[in-house]
Amino acid sequence: LRTSRWQPVTRLCLFRHTFPQELGERKRNKYFLRLQSGGSRLDSWLDGRSKRRVSWRSSHNGSVKMCVTMLFRSRFLFLLAVAALLAVLSLSLQFSATVRSRVSTGPVGDRTRERRVEDPRWSVRKRQKGRNGAGAVHLIPATQSKEDGMVAKARKRILVDLYTAPPRLDPIYEAYRYCNVPNKTDHGLEGHAPPDYKLLSVHVMIRHGDRYPLYAIPKTKPPPIDCTLVPNRKPSHRLLENFIKHKNIASACQLDGPLNNIALLPSHAVCEMGELTQIGVVQHLLNGEHLHETYIKKHKLLPDNWTTKQLYVESTGKSRTLQSGLALLYSLLPKFDWGKIHIRYQWSTIFCSNNCDCPMRNHYLEEEQRRQYNLRVKNSLLEQTYIDMAKIVGIPTRRLRAANPIDSLLCHFCHNVSFPCTENGCINLNHFKVIKAHQLEDERDRQMKKLYYKYALLATHPILNQTVTRMQRIAQGKRDEIFTLYSAHDVTVAPLLSALGIPDASFPRFGARIIFEIWKNVKDQKHNFIRILYNGNDVTFQTSFCSGQKAHSKQLLCPFENFLNFVRKDMFAVFNSTNYYDACHRRVF
């Protein structure tokens, strides 16, 4: 050992293992200092002690102990070994967690097992439970047979594809999005296109702005909200004061039928049911201002001397839709003139005009309502929430459910007003979260069952067909009705989004907008293109008729012919029909 190159380390090892324990700490330190200086007395003492107490079993064991001793002696090598050990443990834990996630139960596990059965490259071998009751699942690559009958080489798969469930939506966050509190930084992608394209026409459908509830919770005080317009009250807009002043000359505006009996501005100190609030007016002043910057200033869609024929406006017979449309037009149009405004009356909330006779549309709507009822009955937490709220209010549960309490609670939430209270207690945020969470679950279930999708196709065909016809005229060179505005409701916008096949579209918030833009390539006069935007986001290539266009074409925009074929023919394929009348009157079994 003394002739070894690790003599100092060996001496230290032998010293620590052979030093008598009965000696005191003082003597031990003394000998240790001499060991470090390499004294001869310690060498002789080690020789004697090593003969009596040290016995190495083999030269191999001696070298191992020597390496271990060297490892602990060198601080750098020790830290390096610890780091390598931790890295190996981390990789092992990550791989085991990945394997467990692939075979876990629940929605994710179910999809994983289905994927595993379909893929012949993988087989699952289950280890039987041992004494400790624990079981393990091992994924083993199985031999893959080629088409010509030869056996392919089995390859070990290291990285595993993860399948995760879609993230759960936060009810409170979604409620804030639904409120759509006015924000000056809210912009969109309207009017964005390559430099060689020219904008021909724009068609806009909006949902009215923030409103007072349509339903009241029985035996509770309604939310104290003032519906008069006050420029100094927040939220406000720089054009709000002038918009209010223009009310005096609004009599020059041309309104059809029942619209003449509706006030052009909200004016009640205590809001009436469904009345537009100041927040709702500001929402559409902001919408119009944003569209003005894009379509008027940038693309010069309407000149300063625009005429009534260049504008087409249509509204339902509700004050909130009429007033929302006027607020948007006021901040949109250059040199706003009440005398040039002509607003048509639409009696139907789905804008079906003279094509509303569709028995199968009503059939699918009834099926959709039945689906909603069945989903609500299965939700035990929602039912218990309604029971608790009914006890607080002091009415039967059935009566509270019929009052649609979420409509009133959303008004409290959006206006930062405390939830209603009675002698028995207060409705709290937890009640609100449960009901809102059920709404989000209902939206997911609705997309899966496709009953609402069939209803939406038949409900929106009249308005889509009218839009396509107007776009065709403009593409042919006519300059009439180049800007179209439909002021509508959530029950108008939601079916339109569903019929277009946009899977990720959220439920229409207050002040929501969906826009159709038609473009022309300056270098290619024969073809026209379409863009579809929802709340400022480009959803053109999410639609069912343009979803595969971007991947298989060099065109940056969706051809207008795709939209035309969808409205005139493709949207009836699910009903095994070729036209709207046949789809409405043929019962599908």
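Observations
- Residue selected from the stretch 442-469 under the condition basic (Lys, Arg) and closer than 30 Å to Glu561 by Cβ, by the criterion surrounded by the most Cβ atoms within 10 Å (Cβ to Cβ): Lys454
- Filtered residue count, the stretch 355-367, keeping only those that are touching a residue at least 60 places away in the same chain (Cβ under 8 Å) and either part of a loop (DSSP other than H, G, I, E, B) or open to solvent by 30 Å² or more (accessible area, probe 1.4 Å) (or both): 8
- The residue of the stretch 548-575 that is modelled with the lowest pLDDT, among those that are open to solvent by 70 Å² or more (accessible area, probe 1.4 Å), under 27 Å from the mean Cα position of the chain (by Cα) and not aliphatic (A, V, I, L, M), is His552.
- Count - residues of the stretch 511-540 that are in contact with a strand residue (DSSP E or B) (Cβ under 7 Å, 6 or more places away or on another chain) and either aliphatic (A, V, I, L, M) or within 19 Å of Leu328 (Cβ to Cβ) (or both): 15
- Scan the stretch 368-401 for residues that are touching a residue at least 40 places away in the same chain (Cβ under 8 Å) and either exposed (fewer than 14 other Cβ atoms within 10 Å of the Cβ) or not charged (D, E, K, R) (or both) and the total you get is 12.
- Positions within the stretch 275-329 being part of a helix (DSSP H, G or I), under 30 Å from Lys478 (Cβ atoms) and either open to solvent by 10 Å² or more (accessible area, probe 1.4 Å) or acidic (Asp, Glu) (or both), in sequence order: Asn287, Glu289, His290, His292, Glu293, Thr294, Ile296, Lys297, Lys298, Thr308, Lys309, Gln310
- Residue in the stretch 557-566 that is in contact with a strand residue (DSSP E or B) (Cβ under 7 Å, 6 or more places away or on another chain) and among the charged types (D, E, K, R) present: no
- Ile217 passes every criterion in (1) open to solvent by 10 Å² or more (accessible area, probe 1.4 Å); (2) among the aliphatic types (A, V, I, L, M); (3) touching a Ser or Thr at 6+ places or on another chain (Cβ under 8 Å) apart from (1).
- Annotation: Ile406 fulfils all but one of (1) open to solvent by 50 Å² or more (accessible area, probe 1.4 Å); (2) under 21 Å from Asp445 (Cα atoms); the unmet one is (1).
- Qualifying residue in the stretch 264-274 (condition: in contact with a Lys or Arg (Cβ under 8 Å, 6 or more places away or on another chain), part of a loop (DSSP other than H, G, I, E, B) and open to solvent by 10 Å² or more (accessible area, probe 1.4 Å)): yes
- Hey, Ala512 in contact (Cβ under 8 Å) with a residue 40 or more places away in the chain and either open to solvent by less than 10 Å² (accessible area, probe 1.4 Å) or touching a His at 6+ places or on another chain (Cβ under 9 Å) (or both) or not: yes
- For first residues located in the stretch 286-308 and on the phi > 0 side of the Ramachandran plot and modelled with pLDDT under 95, partners that are of a type in the set (Val, Ile, Thr) and open to solvent by 50 Å² or more (accessible area, probe 1.4 Å) and lie 6+ apart or on another chain with Cβ distances below 6 Å do not occur.
- Among the residues of the stretch 401-409, at least one is within 23 Å of Lys318 (Cβ to Cβ) and part of a loop (DSSP other than H, G, I, E, B).
- Set side by side, the residues Arg370, Arg344 differ, and just one is modelled with pLDDT of 95 or more, out of contact with any helix residue (DSSP H, G or I) (no Cβ under 8 Å at 6 or more places or on another chain) and assigned to a helix (DSSP H, G or I), which is Arg370.
- Residue in the stretch 193-201 that is modelled with pLDDT of 95 or more and either in a loop (DSSP other than H, G, I, E, B) or among the aliphatic types (A, V, I, L, M) (or both) present: yes
The values are calculated or read from the model by the stated rules, or taken from the named source; none is laboratory data. Note that the structure is a prediction, hence the values are computed from the model and not measured. Cβ sites come from the backbone with ideal geometry, for glycine too, and all protein chains shown count toward neighbours. These accessible areas exclude ligands, DNA and RNA; they are computed on the full protein's heavy atoms, side chains included. Shrake-Rupley method; radii C 1.70, N 1.55, O 1.52, S 1.80 Å.
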